[in-house]
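The values are calculated or read from the model by the stated rules, or taken from the named source; none is laboratory data. All values reported here derive from a predicted model rather than from experimental measurement. Using ideal geometry, Cβ is built from the backbone for each residue, glycine included, and neighbour counts are taken over all protein chains shown. These area figures cover heavy atoms from the full protein model, side chains too; ligands, DNA and RNA do not enter into them. Shrake-Rupley method; radii C 1.70, N 1.55, O 1.52, S 1.80 Å.
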Amino acid sequence: MNSETKILPLLPLRGILVFPYMVIHLDVGREKSVNAIEEAMARDQVVFLATQKDAQTDEPGPDDIFQIGTVAEVKQILKLPGGTIRILVEGLARAKICRFITNESYYQVEVKQYSDDIQKSSEIEAFMRSLNFQFEQYVKLSKRIPPETVVTVVNLDEPGRLADTIASHLTLRIEEKQELLEAIDIVQRLEKLCAIVVKELEIVELERKINIRVRKQMEKTQKEYYLREQMKAIQRELGEKDERAEGEDLRRKIAEAKLPKEVEEKAIKEVERLEKMPPMAAEAAVVRNYLDWLLCLPWNKSTRDRMDIKAAENILEEDHYGLKTVKERILEYLSIRKLAKKMKGPIICFVGPPGVGKTSLGRSIARALERKFIRMSLGGVRDEAEIRGHRRTYVGAMPGRIIQGIKQAGSRNPVFLLDEIDKMSMDFRGDPSAALLEVLDMEQNNTFSDHYIEVPFDLSNVMFITTANVQHNIPRPLLDRMEVIYLSGYTEEEKVQIALRYLIPKQIKEHGLTKEMLKISENTVRKIIREYTRESGVRNIERQIATICRKTARQIVTDKTKKIQVTTQNLNQFLGSPRFRYGIAEQTDQVGVATGLAWTEVGGDTLAIEISIYKGNGNLTLTGKLGDVMKESAQAGYSYIRGRACELGIEEGFFDKQNIHIHVPEGAIPKDGPSAGITMATALASAITGRKVRHDVAMTGEITLRGRVLPVGGIKEKILAAHRAGIKTLLLPKDNVKDLDEVPKKVKDKINFILVDHMDKVLEAALVEQEYSMDFAVSPVVPPEVYQSAVINDGGTPVPS
């Protein structure tokens, strides 16, 4: 077999392979490929065609192209709109890429071209005859190749050309075609092609058998349809009931349902479609299911609201203690409803920590209004179809959960609770929060369109109530459509009353006990709240009461005891040792430790800020999984203290010689926000000057570089947390004075509030007067007796931190 070397422009092919002697049109659009064709036309019109290994690759490299391809001649070129050109090429011979010649404008390769010069032998002749026969059979069975092709193939005497021509007409994968192209040896090529043609013959034969079977089945179905139509004609002649009875029954139900005009027209149209279908058709079941949904929805059914304001108020008071703002809002709605007969349902969002009664409040509102109650949890919902439903084209399609809830209620004006609206997410299936925009918009929800129902449904009479733990997770467009009511955490007194009035009677009843069997005093409830729970709501309190009830039930059953009294003295026998320390957050005044206040999605909490100072080169380290805002707040506090070094009596050059470490326990919990600014600045001033921070003082506020104290949020929750921790004095930003109106009077009476507008007042109120002499080797401003931690320096001597 002869070969010669050439340098040719390369045209990479995607999803196609060209054999020698094959004539084909190719559309060329990539810039480098177009340049390669233009270069070939400028030379001798010869180009090298090689197939890409991956058709998706736009810029193939040497490793992305098969090494063996076809040398081809460009016979014709036609420029198309958009910069694409169409060429007609004819394969000339096989060739192998020897090396790639780098060229930025087009690909150019050095190839070794092979020729098919070979002496015919008996083996080759046998292969050729076998191929001719098998190809004839393939053409007869497949019907995809014109019969004239067989005449052309039979007249070919060259074995290589015969193999390439037959291969180009077979429906093969690119990998199989490339394998034949890479068969340089003609005998090997003929042998591989024979095996492929035999395999293709078997596949074509199987396809033929399948087609015959399908055709027979279709003929059977058509025959059954014809006979069924004849039966219908005979039944009509005899006056017997036929399949049209179903259609008449559906028409009667549609008339009785008194549907809106648009819905009725849609239903009638679907009934007409159903009558034209064979009863056993798959589409018939889909239409029947759709009509069932249309007829089951409460288009005109609604419940009558309870207009007795006093009775509704008594029900709300009976179910929930406190929550004055929410109860007033519901009674206001009822009052307006009594005056204005036609009024759209309000859309309210309850935002508050877990366990404060958001979900149960929705149920109580429905009871007060005498409406049906539907609850839908949105936690983890990430598919838009959960809200709007699926289109009927999908198998097993159903309406969304909004329409399902309306059907379940059997009324078009229920109280619909969308729970955990801040826990929704989104993925490739859509954004459910975007679908809720129409549901929770009073201007749009009177024509809510579900993908399955396909006709508008009026949701304007539904009272939608949503709940969330935090507001910032709710998308802004959605939040803008809702009236937000904040439910803050309960005070200790409120928790005591809730436990005595609601939780204890409920748990006694659920555990099969009676009031005479179990007595829990008020002081015992207080101890449970103080030492066994730490939360904004009352869920853990209810769990502890349930634990007491279970142990009581066991004692009554096993010890035959008839009455059990739970007191503060024997409480640990039921609940074990106390889990929390009630009282002062810190037991003693300390240097470098200040108590701050945090606001989380579960309510307020105290936050300890710790400072450690040790020898170094002036670095500031922040730990405790702090967010960016909190880190910047710490940096601002550090800069303020450093700027006031002279006034605070700090030695010049102190900050260049000492490293400062600020840590906020607990380290595994993420923290962020600016409200700990003055707390960190106070702890820094304490650690550097050696003055202790009062242990009964807590503080919150944002600090500026000039020492101003700015207002922060969550004041009520933070004050309740300080009260729970036994804090006596609380430093608040002066501009937050308006927030004190929301704090219960009993809590305000037990805390001394100091309103501050500058950091100097914070330090004056929080730091204990200096008690030590200022004579110390490392820093004259730190007393020798005070150590934040025993840190060992390189010389082995403990230094203060």
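Here is how the numbers come out for the structure above:
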| quantity | calculated |
| --- | --- |
| Restraint check, Lys6/Lys32; Lys143/Lys216; Lys372/Lys506; Lys258/Lys342; Lys232/Lys258, Cα-Cα greater than 30 Å | Lys232/Lys258 |
| The chain, dipole about Cα centre (Lys/Arg Cβ +1, Asp/Glu Cβ -1), debye to the nearest 20 | 4220 |
| Burial order of peptide ranges 310-320, 752-762, 615-625 (average beta-carbon count within 10 Å, highest first) | 752-762, 310-320, 615-625 |
| Accessible area of the chain divided out per residue, in Å², using a probe of 1.4 angstrom | 51 |
| Mean-position separation - Cα centroids, the stretch 606-662 and the stretch 458-495, in angstrom | 40 |
| The stretch 3-109 - percent of accessible surface contributed by carbon and sulfur, probe 1.4 Å | 46 |
| Inverse mean reciprocal Cα-Cα distance (Kirkwood Rh) of the chain, Å | 36.0 |
| Modelled FRET efficiency - R0 60 Å, Asp757 with Glu265, Cβ distances, 0.05 increments | 0.30 |
| Inter-centroid distance (Cα atoms) of the stretch 716-739 relative to the stretch 190-219, Å | 84 |
| Degrees, to the nearest 10: 309-319 long Cα axis against longest axis of the chain | 90 |
| Global form of the stretch 247-350, assessed from the alpha-carbon gyration tensor, a/c cut-off 1.5 | prolate |
| Sorted largest first, extent of the stretch 131-207 alpha carbons per principal axis (Å) | 31, 27, 17 |
| GluC sites (Glu not before Pro) restricted to the stretch 452-498 and DSSP loop, no more than 16 other C-beta within 10 Å | Glu454 |
| Contour excess over end-to-end distance, with Cα ends at Gln119 and Ile234 and 0.36 nm allotted per residue | 33.6 nm |
| Heavy atoms of Val286 accessible to a 1.4 Å probe, total area in Å² rounded to 10 | 50 |
| Neighbourhood net charge (15 Å Cβ-Cβ; Lys/Arg +1, Asp/Glu -1) for Met630 | -4 |
| Under 17 Å from the Glu179 label point (7 Å along Cα→beta-carbon), backbone N, the stretch 120-135 | none |
| The stretch 328-487 shape via C-alpha gyration tensor axes, a/c threshold 1.5 | oblate |
| Sequence ranges 54-61, 734-741, ranked by mean other-Cβ count within 10 angstrom, highest first | 734-741, 54-61 |
| In the stretch 297-398, the chymotrypsin sites (Phe, Trp or Tyr not before Pro) that fall in loop regions by DSSP, at most 13 other Cβ within 10 Å | Tyr394 |
| Surrounding net charge for Met517, when Lys and Arg each add one and Asp and Glu each subtract one, Cβ distance under 10 Å | +3 |
| Exposure of Glu248 as accessible area (Å², to 10), given a probe of 1.4 Å and all protein chains | 100 |
| Pairwise FRET efficiency - Arg306 versus Ile669, Cβ, R0 = 35 Å, nearest 0.05 | 0.15 |
| Calculated log₁₀ intensity ratio I(q)/I(0) where the Debye formula runs over C-alpha points of the stretch 482-614, q = 0.13, 0.16, 0.20 Å⁻¹ | -0.66, -0.87, -1.16 |
| Sequence ranges 564-572, 117-125, 29-37, ranked by mean other-Cβ count within 10 angstrom, highest first | 29-37, 564-572, 117-125 |
| Above-threshold pairs, the threshold being 31 Å between Cα atoms, out of Lys551/Lys671; Lys509/Lys560; Lys657/Lys718 | Lys551/Lys671; Lys657/Lys718 |
| Lysines with Cα under 17 Å of Lys324, excluding same-chain neighbours fewer than 8 positions away | Lys310, Lys358, Lys495, Lys716, Lys745, Lys746 |
| Of all DSSP beta bridges in the chain, antiparallel share, percent nearest 5 | 60 |
| Shape of the stretch 289-422, Cα gyration tensor, a/c cut at 1.5 | oblate |
| Ellipticity estimate at 222 nm from DSSP helix runs (n ≥ 4, -39,500 (n - 2.57)) divided over the chain, nearest 500 | -12500 deg cm²/dmol |
| Alpha-carbon spread of the stretch 423-522, three principal axes, descending order, Å | 59, 30, 29 |
| Protein-only accessible surface order, largest first, of Cys349, Cys296 at 1.4 Å | Cys296, Cys349 |
| Rounded percent of accessible protein surface that carbon and sulfur make up, the stretch 652-713, 1.4 Å probe | 52 |
